[in-house]
Structures are given as structure tokens and as C-alpha cells.
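Down below is the structure, laid out as C-alpha cells.
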Amino acid sequence: SYTLFFKRKMYLNPRAPVQDPVERELLYHQAIFEVNEGTLPVSESDVCRLAALRVQHDLGDLNTSGRNFAVESYIPKHLLKRRLAGAWMDMVRLEYQHLAGTSKAEAQTQLLSFASQLAFYGCTIFP
């Protein structure tokens, strides 16, 4: 059995502020994909900040969601094995609690702003 993936890479000015909500949504998912694939290198503290912004986007405020999240879904697999899941959860929750009151659109914008400050954001790396 084979699976065919069709992907498009957008080539925009990576440092320009994003005004269009559709563009923001696409860049958001592209940034997440690149972090998860390892083509956008991040440190452990960076990945915790990005994961917290993703959790805020997906679940809303920590106090109102009242549920746990699967930290394994938010940390790239190549980094996940560096620590125990509980340690990652604690690190992400520490960042997550500071995001109370952040809307879904604000979380996307903050994630893109944070990602755009990373050294290789906007670059394409060919292995």
C-alpha cells in the first residue's frame, strides 16, 4: 500500500508581518511541519514555547480547558526522546500558563513571530 502526499511550499517574504488570515493559517501549519520534521532547528526551550502556543491555539486557556493534552503530539519526535514525557509536560505547562487570555489568532501570530526569529526560518534546507 502506498500513500501519496501532495504538498505546496509557499515562498513569501518570511520576515514580513502577516495580515491575511488564510496566509497566517498556511504559514502556521508550515512552521509546525518544519519544526516537526527537523528542517527548522530549534532548541528545547524554543520547542516548549512553540508547543505552548500550539496548545493555546488548540485547547484555549489552561484553566478553562480542564483537560490534559498529549505532550507527545506537540514535541517533535526527534527531540521527544531527550527527556521523559513528564519533564516535557512540565516545561510546556510552564510556558502555557503565561498564555492565558490569548486568542486562537493571537497564538498563531505569536507562534509565527517567534518562529520568524529563529535563525533558519524562511530557509529551505536540502539534505
Carbon and sulfur together cover what percent of the accessible area of the chain at a 1.4 Å probe radius? 56
Would you be so kind as to identify which of 19, 92, 30 lies farthest towards the positive end of the dipole of the chain, taking Lys and Arg as +1 and Asp and Glu as -1 on Cβ and the Cα centre as origin? 30
Indicate the gyration tensor shape class of the chain (rounded, prolate or oblate), computed on the Cα atoms with a ≥ b ≥ c the square roots of the eigenvalues: a/c under 1.5 is rounded; otherwise a/b larger than b/c is prolate and the rest oblate. oblate
Two-decimal log10 I(q)/I(0) for region 82-127, as the Debye equation yields it once each C-alpha is a single scatterer, q = 0.21, 0.22, 0.26 Å⁻¹: -0.89, -0.91, -0.94
Can you give the helix-only mean residue ellipticity at 222 nm for the chain, where every DSSP H stretch with n ≥ 4 adds -39500 (n - 2.57) and the sum goes over all residues, rounded to the nearest 500 deg cm²/dmol? -15500 deg cm²/dmol
Straight-line reach from residue 77: which aspartates and glutamates have a Cα under 17 Å away, not including same-chain ones fewer than 8 places off? 34, 37, 44, 46
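The values are calculated or read from the model by the stated rules, or taken from the named source; none is laboratory data. Remember, it's a predicted structure, so these values are computed and weren't measured experimentally. Cβ atoms come from the backbone with ideal geometry, glycine included; neighbour counts cover every protein chain shown. With ligands, DNA and RNA removed, areas are computed over all heavy atoms of the protein, side chains included. Shrake-Rupley method; radii C 1.70, N 1.55, O 1.52, S 1.80 Å.
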